[in-house]
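Just below is one structure, and these are the notes that go with it.
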Amino acid sequence: KQEVTQIPAALSVPEGENLVLNCSFTDSAIYNLQWFRQDPGKGLTSLLLIQSSQREQTSGRLNASLDKSSGRSTLYIAASQPGDSATYLCAVNNNAGNMLTFGGGTRLMVKP
Amino acid sequence: NAGVTQTPKFQVLKTGQSMTLQCAQDMNHNSMYWYRQDPGMGLRLIYYSASEGTTDKGEVPNGYNVSRLNKREFSLRLESAAPSQTSVYFCASSLDRAYEKLFFGSGTQLSVL
(Lines give C-alpha, C1' and ligand atoms only; values in the text may rest on other atoms or scores of the structure.)
Protein backbone atom coordinates (compact mmCIF):
# COMPACT_ATOMS: atom_id res chain seq x y z
CA LYS A 1 0.00 0.00 0.00
CA GLN A 2 1.33 3.41 -0.98
CA GLU A 3 2.28 5.67 1.92
CA VAL A 4 3.10 9.35 1.52
CA THR A 5 5.02 11.29 4.16
CA GLN A 6 5.71 14.99 4.44
CA ILE A 7 8.38 16.28 6.75
CA PRO A 8 8.42 18.65 8.54
CA ALA A 9 4.81 18.90 9.65
CA ALA A 10 5.28 22.62 10.29
CA LEU A 11 7.80 25.21 9.20
CA SER A 12 8.26 28.87 10.07
CA VAL A 13 10.58 31.11 8.05
CA PRO A 14 11.21 34.85 7.69
CA GLU A 15 9.98 36.61 4.59
CA GLY A 16 12.34 36.45 1.62
CA GLU A 17 13.84 33.04 2.36
CA ASN A 18 14.01 30.32 -0.24
CA LEU A 19 12.60 27.10 1.16
CA VAL A 20 12.11 23.44 0.30
CA LEU A 21 9.20 21.23 1.29
CA ASN A 22 9.67 17.48 1.15
CA CYS A 23 7.41 14.62 0.11
CA SER A 24 8.39 10.95 0.14
CA PHE A 25 6.46 7.91 -1.05
CA THR A 26 7.03 4.21 -0.50
CA ASP A 27 5.97 2.79 -3.88
CA SER A 28 8.03 4.33 -6.67
CA ALA A 29 5.72 3.02 -9.43
CA ILE A 30 3.71 6.23 -9.54
CA TYR A 31 1.85 7.68 -12.50
CA ASN A 32 2.12 11.28 -11.35
CA LEU A 33 2.38 13.53 -8.32
CA GLN A 34 0.50 16.72 -7.46
CA TRP A 35 1.30 19.51 -5.04
CA PHE A 36 -1.63 21.34 -3.47
CA ARG A 37 -2.05 24.40 -1.31
CA GLN A 38 -4.72 24.59 1.40
CA ASP A 39 -5.60 27.81 3.20
CA PRO A 40 -7.33 27.59 6.61
CA GLY A 41 -10.99 26.71 6.26
CA LYS A 42 -10.68 26.34 2.49
CA GLY A 43 -10.42 23.60 -0.07
CA LEU A 44 -7.26 22.50 -1.86
CA THR A 45 -5.81 24.29 -4.87
CA SER A 46 -3.65 22.32 -7.27
CA LEU A 47 -0.29 24.04 -7.74
CA LEU A 48 1.80 21.69 -9.86
CA LEU A 49 1.37 18.28 -11.42
CA ILE A 50 4.43 16.23 -12.40
CA GLN A 51 4.10 13.23 -14.65
CA SER A 52 6.25 10.19 -13.86
CA SER A 53 8.32 10.85 -16.98
CA GLN A 54 9.14 14.40 -15.90
CA ARG A 55 11.85 15.62 -13.55
CA GLU A 56 10.37 18.98 -12.64
CA GLN A 57 7.61 21.51 -13.18
CA THR A 58 7.71 25.25 -12.61
CA SER A 59 5.04 27.86 -11.99
CA GLY A 60 6.17 31.34 -11.05
CA ARG A 61 8.16 31.15 -7.81
CA LEU A 62 7.32 27.47 -7.37
CA ASN A 63 9.39 24.58 -8.65
CA ALA A 64 8.54 20.95 -8.00
CA SER A 65 10.99 18.15 -8.66
CA LEU A 66 10.46 14.42 -8.82
CA ASP A 67 12.90 11.56 -8.25
CA LYS A 68 10.89 8.40 -8.73
CA SER A 69 13.72 5.99 -8.04
CA SER A 70 14.31 7.41 -4.58
CA GLY A 71 10.61 8.02 -3.87
CA ARG A 72 10.98 11.75 -3.32
CA SER A 73 9.56 15.04 -4.49
CA THR A 74 10.42 18.53 -3.36
CA LEU A 75 8.55 21.80 -3.67
CA TYR A 76 10.89 24.78 -3.85
CA ILE A 77 9.46 28.20 -3.04
CA ALA A 78 11.67 31.14 -3.99
CA ALA A 79 11.65 34.47 -2.17
CA SER A 80 8.88 33.46 0.23
CA GLN A 81 6.14 35.95 1.09
CA PRO A 82 3.60 36.12 3.95
CA GLY A 83 0.93 35.27 1.39
CA ASP A 84 2.61 31.89 0.91
CA SER A 85 1.53 30.91 4.43
CA ALA A 86 -0.68 27.84 4.07
CA THR A 87 -0.57 24.06 4.29
CA TYR A 88 1.08 22.33 1.37
CA LEU A 89 0.10 18.76 0.52
CA CYS A 90 1.47 16.31 -1.99
CA ALA A 91 -0.52 13.45 -3.48
CA VAL A 92 0.49 10.56 -5.71
CA ASN A 93 -1.46 8.57 -8.26
CA ASN A 94 -0.21 5.02 -8.74
CA ASN A 95 -2.04 3.51 -11.64
CA ALA A 96 -3.67 6.28 -13.67
CA GLY A 97 -6.85 5.44 -11.82
CA ASN A 98 -9.10 7.39 -9.52
CA MET A 99 -7.24 7.02 -6.25
CA LEU A 100 -4.85 9.63 -4.93
CA THR A 101 -2.78 9.00 -1.81
CA PHE A 102 -2.20 12.19 0.15
CA GLY A 103 0.55 13.14 2.53
CA GLY A 104 -0.28 14.76 5.86
CA GLY A 105 0.91 18.18 4.70
CA THR A 106 3.44 20.78 5.81
CA ARG A 107 2.03 23.86 7.52
CA LEU A 108 4.11 26.84 6.38
CA MET A 109 4.22 30.20 8.08
CA VAL A 110 6.16 33.04 6.46
CA LYS A 111 6.74 35.87 8.93
CA PRO A 112 6.97 39.50 7.74
CA ASN B 1 -16.51 31.23 -12.37
CA ALA B 2 -17.89 29.12 -9.49
CA GLY B 3 -15.84 25.94 -10.01
CA VAL B 4 -16.91 23.37 -7.39
CA THR B 5 -19.67 24.43 -5.01
CA GLN B 6 -20.52 22.52 -1.83
CA THR B 7 -23.41 22.99 0.56
CA PRO B 8 -23.78 23.32 3.47
CA LYS B 9 -20.55 24.80 4.86
CA PHE B 10 -21.28 23.73 8.42
CA GLN B 11 -23.61 21.13 9.90
CA VAL B 12 -24.19 19.66 13.34
CA LEU B 13 -26.04 16.35 13.60
CA LYS B 14 -27.10 14.08 16.41
CA THR B 15 -26.11 10.44 16.28
CA GLY B 16 -28.55 8.54 14.06
CA GLN B 17 -29.71 11.52 12.03
CA SER B 18 -29.36 11.55 8.27
CA MET B 19 -28.26 14.25 5.87
CA THR B 20 -27.10 14.83 2.31
CA LEU B 21 -24.11 16.91 1.29
CA GLN B 22 -24.54 18.54 -2.08
CA CYS B 23 -21.84 19.22 -4.66
CA ALA B 24 -22.02 20.80 -8.10
CA GLN B 25 -19.36 21.72 -10.66
CA ASP B 26 -19.69 23.97 -13.67
CA MET B 27 -16.52 22.96 -15.54
CA ASN B 28 -18.09 20.14 -17.58
CA HIS B 29 -15.88 17.62 -15.77
CA ASN B 30 -16.57 13.92 -16.10
CA SER B 31 -15.13 12.72 -12.79
CA MET B 32 -16.20 13.76 -9.30
CA TYR B 33 -14.99 12.70 -5.85
CA TRP B 34 -15.84 12.88 -2.17
CA TYR B 35 -12.99 13.05 0.35
CA ARG B 36 -12.88 13.39 4.10
CA GLN B 37 -10.07 15.13 5.93
CA ASP B 38 -9.20 14.21 9.49
CA PRO B 39 -6.30 15.37 11.68
CA GLY B 40 -3.46 12.89 11.48
CA MET B 41 -5.18 10.88 8.73
CA GLY B 42 -4.86 13.22 5.77
CA LEU B 43 -7.42 13.17 2.98
CA ARG B 44 -9.10 9.86 2.21
CA LEU B 45 -11.34 9.03 -0.72
CA ILE B 46 -14.88 8.00 0.22
CA TYR B 47 -16.53 7.50 -3.19
CA TYR B 48 -15.96 8.65 -6.71
CA SER B 49 -17.85 8.86 -9.98
CA ALA B 50 -15.77 8.42 -13.11
CA SER B 51 -18.65 9.48 -15.33
CA GLU B 52 -22.33 10.28 -15.22
CA GLY B 53 -24.25 7.22 -14.12
CA THR B 54 -21.34 5.42 -12.45
CA THR B 55 -20.10 5.40 -8.86
CA ASP B 56 -17.38 3.40 -7.12
CA LYS B 57 -16.12 2.92 -3.60
CA GLY B 58 -12.96 4.58 -2.44
CA GLU B 59 -10.85 3.89 0.62
CA VAL B 60 -13.45 4.58 3.35
CA PRO B 61 -16.99 4.04 1.95
CA ASN B 62 -18.69 2.46 4.98
CA GLY B 63 -21.59 4.50 6.32
CA TYR B 64 -21.98 6.59 3.16
CA ASN B 65 -23.95 6.50 -0.07
CA VAL B 66 -23.58 8.65 -3.16
CA SER B 67 -25.64 9.69 -6.15
CA ARG B 68 -24.38 11.11 -9.41
CA LEU B 69 -27.56 12.98 -10.24
CA ASN B 70 -26.28 14.31 -13.57
CA LYS B 71 -22.95 15.42 -14.99
CA ARG B 72 -22.86 18.49 -12.74
CA GLU B 73 -24.01 17.11 -9.40
CA PHE B 74 -22.64 14.48 -7.02
CA SER B 75 -24.21 14.10 -3.57
CA LEU B 76 -23.01 12.29 -0.46
CA ARG B 77 -25.54 10.86 2.00
CA LEU B 78 -25.08 9.82 5.60
CA GLU B 79 -28.02 7.54 6.42
CA SER B 80 -27.39 7.21 10.16
CA ALA B 81 -24.66 9.57 11.33
CA ALA B 82 -22.08 8.39 13.85
CA PRO B 83 -19.54 10.42 15.86
CA SER B 84 -16.77 8.75 13.81
CA GLN B 85 -18.11 10.65 10.80
CA THR B 86 -17.21 13.99 12.35
CA SER B 87 -14.85 15.41 9.75
CA VAL B 88 -14.35 17.96 7.02
CA TYR B 89 -15.78 16.74 3.73
CA PHE B 90 -14.50 17.89 0.36
CA CYS B 91 -15.96 17.42 -3.06
CA ALA B 92 -13.58 17.53 -6.02
CA SER B 93 -13.74 17.13 -9.78
CA SER B 94 -11.38 16.49 -12.68
CA LEU B 95 -11.80 16.45 -16.42
CA ASP B 96 -11.50 12.69 -16.68
CA ARG B 97 -9.40 10.98 -14.06
CA ALA B 98 -7.73 11.68 -10.71
CA TYR B 99 -4.39 11.70 -12.43
CA GLU B 100 -5.40 14.99 -13.95
CA LYS B 101 -5.59 18.32 -12.11
CA LEU B 102 -8.13 18.16 -9.31
CA PHE B 103 -10.41 21.07 -8.41
CA PHE B 104 -11.78 21.15 -4.87
CA GLY B 105 -14.79 22.72 -3.22
CA SER B 106 -14.40 24.74 -0.02
CA GLY B 107 -15.53 21.94 2.26
CA THR B 108 -18.26 21.04 4.75
CA GLN B 109 -17.43 20.95 8.44
CA LEU B 110 -19.62 18.21 9.93
CA SER B 111 -19.94 17.47 13.63
CA VAL B 112 -21.88 14.44 14.87
CA LEU B 113 -22.73 14.58 18.56
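Among the residues making up the stretch B:85-99, a single one is buried (at least 24 other Cβ atoms within 10 Å of the Cβ), at pLDDT 95 or above and of a type in the set (Phe, Trp, Tyr): B:Phe90. Identification of strands (runs of 3 or more DSSP E) wholly contained in the stretch A:3-64 with 1 or more residues that are among the hydroxyl-bearing types (Ser, Thr, Tyr) and surrounded by 14 or more Cβ atoms within 10 Å (Cβ to Cβ) yields A:19-25, A:44-51.
If you go through the stretch B:67-87 and keep only what is out of contact with any strand residue (DSSP E or B) (no Cβ under 6 Å at 6 or more places or on another chain), more than 19 Å from B:Leu113 (Cβ to Cβ) and touching a residue at least 24 places away in the same chain (Cβ under 8 Å), you end up with just B:Lys71. Of all residue pairs spaced 6 or more apart or on separate chains, those with beta-carbon atoms under 6 Å, a first member in the stretch B:25-40 that is facing another protein chain (nearest Cβ under 9 Å) and touching a residue at least 40 places away in the same chain (Cβ under 8 Å) and a second member that is surrounded by 13 or more Cβ atoms within 10 Å (Cβ to Cβ) and among the β-branched types (Val, Ile, Thr) are B:Gln37/B:Val88. Among the residues making up the stretch A:89-102, those that are under 12 Å from the mean Cα position of the chain (by Cα) and either away from every other protein chain (no Cβ under 13 Å) or buried (at least 23 other Cβ atoms within 10 Å of the Cβ) (or both) are A:Leu89, A:Cys90, A:Ala91, A:Val92.
Restricting attention to the stretch A:1-44, which residues are aliphatic (A, V, I, L, M) and touching a residue at least 60 places away in the same chain (Cβ under 8 Å)?
Taking the stretch A:1-44 as the starting set, the residues that turn out to be aliphatic (A, V, I, L, M) are A:4, A:7, A:9-11, A:13, A:19-21, A:29-30, A:33, A:44.
If the condition is that a residue be aliphatic (A, V, I, L, M) and touching a residue at least 60 places away in the same chain (Cβ under 8 Å), then A:Val4, A:Ile7, A:Ala9, A:Ala10, A:Leu11, A:Val13, A:Leu19, A:Leu21, A:Ala29, A:Ile30, A:Leu33 are the ones that fit.
The values are calculated or read from the model by the stated rules, or taken from the named source; none is laboratory data. Remember, it's a predicted structure, so these values are computed and weren't measured experimentally. Every residue, glycine as well, gets a Cβ built from its backbone with ideal geometry; the counts of neighbours run over all protein chains shown.
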